[in-house]
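Novice: Take this structure, written in structure tokens, and hold onto it; I'll ask about it next.
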């Protein structure tokens, strides 16, 4: 099989993968519309709300641009398109990491040391990626590509840039995951608590989303090292789309758990309040037992701003 045929098959394979994950992104967005309306659009403005909206809908731009280029805009140069889509994708993934950092920051009770650590690694990773990305973009030839779809094929400079960025992504993901697991371990080991409560906390705080994100970043690194030439960046779109889907689901999941806890506590308080009004001498006891404190790890996990009086946190 000649080189042109191999390139055509590589281009077709990557194109099909991009189409499949764009379809998955659209499908998940439709599935999440109800929760998104309840816990995002109806919520008061906050940094998490704006980051969520960017992560959810900005991903469509980065994922769809190469498809539009290949199908419609055949006059766009490959260097310009590749520079835009790669930079946009990395920025979008960086926003998802910012959400995870804020979440971890709240789990650690707004630790200033952790905040300084996150700020340091964020600035360092962004600066290194930006510097390498500018050098990579300037390395493209200034000639028009004969085939617009050949933008999907990788080059040595592309692999070098994506390799550095991918290792940075994996390092940050593992750091945040490790900090989250360590915090939960501390919470349930001192003093020791039943294992059932541990699993409940893992579910409530959405920790199981992390193991779902990590395999895609690892697969991207494996492809960069082991995949045939032309297929090194085959996991670019899957990584971007899955980060968007899983982080957005993490936000809606934790807020739905917190809302369910608040509704359950309100019902319990209502029952005890009714008993305190009907039973003689039970008002004090009803007031005491009615105000159950359900310590929800998810309650403040994704909203770091002050809560206005009279507004229920969701």
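Readers should treat all values here as calculations from the given coordinates under stated rules, not as data from a laboratory. Because the structure is predicted, anything quoted here is derived from the model rather than measured. With ideal geometry, Cβ positions are generated from the backbone for all residues, glycine too; neighbour counts draw on all protein chains shown.
Novice: Which order do the peptides 180-188, 200-208 take when ranked by the mean count of other beta-carbon atoms within 10 Å per residue, highest first?
Specialist: The packing order, highest mean first, is 200-208, 180-188.
Novice: Something else about it: Sort 109-122, 214-227 for me by packing, meaning the mean count of neighbouring Cβ atoms within 10 Å per residue, highest on top.
Specialist: Ranked by mean Cβ neighbours within 10 Å, highest first: 214-227, 109-122.
Novice: How big is the gap, in Å, between the Cα center of the range 18-51 and the Cα center of the range 199-237?
Specialist: Going from one Cα centre to the other spans 20 Å.
Novice: Separate question: Take the Cα pairs of the range 6-65, get the Kirkwood Rh, then feed it into Stokes-Einstein at 20 °C and 1.002 mPa s and tell me D in µm²/s.
Specialist: In µm²/s, the coefficient is 161.
Novice: Which order do the peptides 31-44, 52-65 take when ranked by the mean count of other beta-carbon atoms within 10 Å per residue, highest first?
Specialist: 52-65, 31-44
Novice: Something else now. Taking 8 Å as the Cα distance limit and 6 or more residues as the minimum spacing, I'd like the relative contact order of the range 192-265 as a percentage.
Specialist: 34 percent
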